[in-house]
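The values are calculated or read from the model by the stated rules, or taken from the named source; none is laboratory data. Please read all numbers here as calculations on a predicted model, not as lab measurements. Methodologically, a virtual Cβ is constructed for each residue, glycine included, from the backbone with ideal geometry; neighbour enumeration extends over all protein chains shown. Protein only, heavy atoms only, side chains kept; ligands, DNA and RNA dropped before computing areas. Shrake-Rupley method; radii C 1.70, N 1.55, O 1.52, S 1.80 Å.
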Amino acid sequence: MMKTTQNYYPIGEPGKAWSKEEKKQWFEKQVVQRSYEKDVCVPLQKLATEHFALERFGILDYRFKQYPQFLVKSHNWSKTKPNVLITGGVHGYETSGVHGALRFLEMHAKRYKDDFNFLIFPCVSPWSYETINRWNPDAIDPNRSFYKESRAQECTSIIEVVESIGQDILVHFDLHETTDTDASEFTPALAARDGRVIERDEVPDGFYLVADQDNYCPSFHQAMINRVQTVTHIAQADSQGNILDVKTDQPGVIQYDARKLHLCMALSQPEYSTTTEVYPDSPKVDDENCIVAQVAAITAGLDYLLSI
């Protein structure tokens with residue numbers, strides 16, 4: 001794939017990292033385009049059942065607005081069952097991650113209630129969901145900020161909840177998308193914010209998975225790819241065998257050093273983990289197809305774990 005280099009963004013000076021003033025300019029350009037309350041909070045109220053409890057665990061205080069934080073947890077938590085962590089909306093603009101978590105709760109979670117404990121955060125970044133953004137209001141990328149004493153309150157609050165369980169997480173599904181705006185908006189903004197030039201690959205056309213190189217299980221990821229390809233197309237590697245300039249060792253799977261990058265999927269250091277990457281801008285898919293792909297990845301991963 002051809003690489004392109006971005007040198008211009010309408011905020012700041014090329015080669016100079018943003019100060020508080022540029023970050024303020026960026027924030028003031030953001031516009032609310034949808035409702036966290038309507039799209040996430042209201043549906044969650046309906047999904048609480050005798051099997052799954054809805055809990056308000058905190059509040060995000062952004063000075064200009066406060067957002068309640070919600071999680072869904074297995075009602076009868078058992079120390080004898082393995083624990084499943086699902087996160088959506090770490091990047092709020094990645095819509096199918098949020099609605100994939102909600103859909104799994106609505107239609108599939110009950111099927112697995114006897115085998116696993118579930119801890120589900122459907123929308124980690126509500127302001128970013130509303131403004132269709134990658135960053136939080138302070139121009140921080142939450143999915144590079146999962147570490148103690150993080151500057152991103154979205155991350156520290158979830159870390160505290162996960163640690164409070166006091167039990168190991170067997171598997172973590174972190175639901176994401178790769179969009180055309182990654183190349184047209186968010187990568188250029190990142191380059192401008194940090195005062196550097198960033199080379200970027202073209203956006204892959206199709207679904208792929210990002211594995212944590214520290215706990216990579218090829219058969220676990222293959223099971224998910226096999227299921228997902230029955231509902232949507234898988235991203236193809238380029239002529240060098242790469243997706244986003246990272247070598248693939250099986251179709252549709254790349255590996256990152258998740259802990260070094262402070263990615264969400266490594267926050268609990270689980271035995272199994274993956275970041276899903278749906279491509280919603282393909283002419284081959286629609287919103288429903290993207291949600292179905294997210295759910296297919298979760299159910300395939302859980303079925304794999306039940307089979308071993």
Nearest-20 debye value, the chain charge dipole, Cβ charges on Lys, Arg, Asp, Glu:
640 debye
Leaving out ligands, DNA and RNA but keeping every protein chain, what accessible area does residue 278 have, in Å² rounded to the nearest 10, with a 1.4 Å probe?
10 Å²
How would you order 205-211, 220-226 from highest to lowest mean count of nearby Cβ atoms within 10 Å?
205-211, 220-226
Name the lysines eligible as straight-distance cross-link partners of residue 16: C-alpha to C-alpha under 18 Å, and not fewer than 8 places from it in the same chain.
24
Ranked from highest to lowest mean number of other Cβ atoms within 10 Å per residue, what is the order of the peptides 144-152, 92-100, 176-184, 26-34?
92-100, 176-184, 144-152, 26-34
Would you look at the GNM of the chain, springs on alpha carbons closer than 10 Å, and say which of 35, 74, 239 moves the most?
239
The chain: DSSP helices with Cα axial extent of at least 20 Å and average Kyte-Doolittle hydropathy no lower than -1.0
287-307
Taking the dipole about the Cα centre of the range 100-222, with the C-beta of Lys and Arg at +1 and of Asp and Glu at -1, give me whichever of 128, 209, 179 is farthest to the positive side.
128
Cβ-defined net charge surrounding residue 176, 11 Å radius [Lys, Arg +1; Asp, Glu -1]
-4
Please report the net charge: other residues with Cβ closer than 14 Å to the Cβ of residue 34, K and R +1, D and E -1.
-4
Whole number in Å², please: accessible area per residue of the chain, 1.4 Å probe, ligands, DNA and RNA not counted.
45 Å²
Net charge of Cβ neighbours under 15 Å - reference residue 255; Lys, Arg +1; Asp, Glu -1:
-4
Of the heavy-atom accessible surface of the chain (probe 1.4 angstrom), what whole percent is carbon and sulfur?
47 percent
Options 47, 11, 58, ranked by Cα towards positive dipole end of the range 2-62, top entry (Cβ charges)
11
To the nearest Å, what is the center-to-center distance of the range 147-216 and the range 247-302, using C-alpha atoms only?
11 Å
Considering Cα pairs under 8 angstrom that are at least six residues apart, work out the relative contact order of the chain and quote it in whole percent.
22 percent
Ranked by GNM mean-square fluctuation in the chain (Cα springs under 10 Å), the top entry among 197, 84, 253 is 197
